[in-house]
Amino acid sequence: LKTTLWENLQWQSRVHFKHLAFIAQTKEEILNIFIHAQEIGFNPQKQVVLLKDKAYEEAQQLIPPQKNTSYQSSEPQIVEESNNHIRIGLKTDQSGYLILADQFFPGWKAYEQGRELPILQANYLQKAVRLAPGKHQVDFVYHPQWFYIGALLSGLTLLSLFMILWLRKSHERN
């Protein structure tokens with residue numbers, strides 16, 4: 001029995017910052033960029049692939065691209081984490097994308113100093129936010145809309161059940 005051990009030398013941490021992006025028009029194009037990475041010059045260590053959608057357009061308007069010859073950034077750090085909240089700290093001298101290598105899924109919101117940031121679909125499965133140069137503390141918070149709808153429906157159902165029981169009791173007394 002022969003065993004082979006592989007080491008991934010290009011591993012990336014759960015949070016990272018990239019100032020260069022490949023922009024894809026469709027999800028299929030994202031996959032093609034990864035499949036043909038060497039042919040088209042895509043380097044996943046230096047670049048992120050983003051889906052050009054409404055969130056991307058909004059992020060570009062909020063923080064336009066900036067030309068800067070130097071590029072320095074502190075390594076993003078997870079400052080605080082729970083089941084539905086992740087706070088990440090970062091300092092950068094150039095605009096770019098903070099990537100959180102967690103699954104892109106509806107219900108997540110991103111905030112910086114109380115201002116909501118559009119969440120971008122990055123590398124097909126991940127989420128990212130666009131940041132300007134400076135010191136940042138970004139909060140990713142999970143607020144699934146369906147949870148609140150479900151809680152409301154459950155509450156209405158419980159209220160209806162109590163009303164039916166109350167009406168039955170009052171009818172039995174008469």
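A few notes on this one:
- Ranking of Ser95, Ser82 by solvent-accessible surface, largest first: Ser82, Ser95 (1.4 Å probe, protein heavy atoms only, all chains present).
- Probe 1.4 Å - accessible area at Lys109, Å² to nearest ten: 70
- Cβ-placed point charges (K, R +1; D, E -1), dipole of the chain about Cα centre in debye, nearest 20: 380
- The chain: relative contact order in percent, alpha carbon pairs under 8 Å with at least 6 residues between: 22
- Largest-first principal axis extents, alpha carbons of the chain, Å: 84, 54, 32
- Highest-MSF residue in the chain out of Leu161, Leu50, Leu20 [GNM, Cα springs under 10 Å]: Leu161
- Helical contribution to [θ] at 222 nm, DSSP H n ≥ 4, -39,500 (n - 2.57), averaged over the chain, rounded to 500: -9000 deg cm²/dmol
- Tilt relative to the chain, helix 145-173 - C-alpha long axis, 0 to 90 degrees, to 10: 10
- Solvent-accessible area per residue, Å², over the chain with all protein chains present [probe radius 1.4 Å]: 70
The values are calculated or read from the model by the stated rules, or taken from the named source; none is laboratory data. It should be emphasised that the depicted structure is a prediction, and the values quoted were computed from it without experimental measurement. Cβ sites come from the backbone with ideal geometry, for glycine too, and all protein chains shown count toward neighbours. Ligands, DNA and RNA are excluded from the accessible area calculation, which covers all protein heavy atoms including side chains. Shrake-Rupley method; radii C 1.70, N 1.55, O 1.52, S 1.80 Å.
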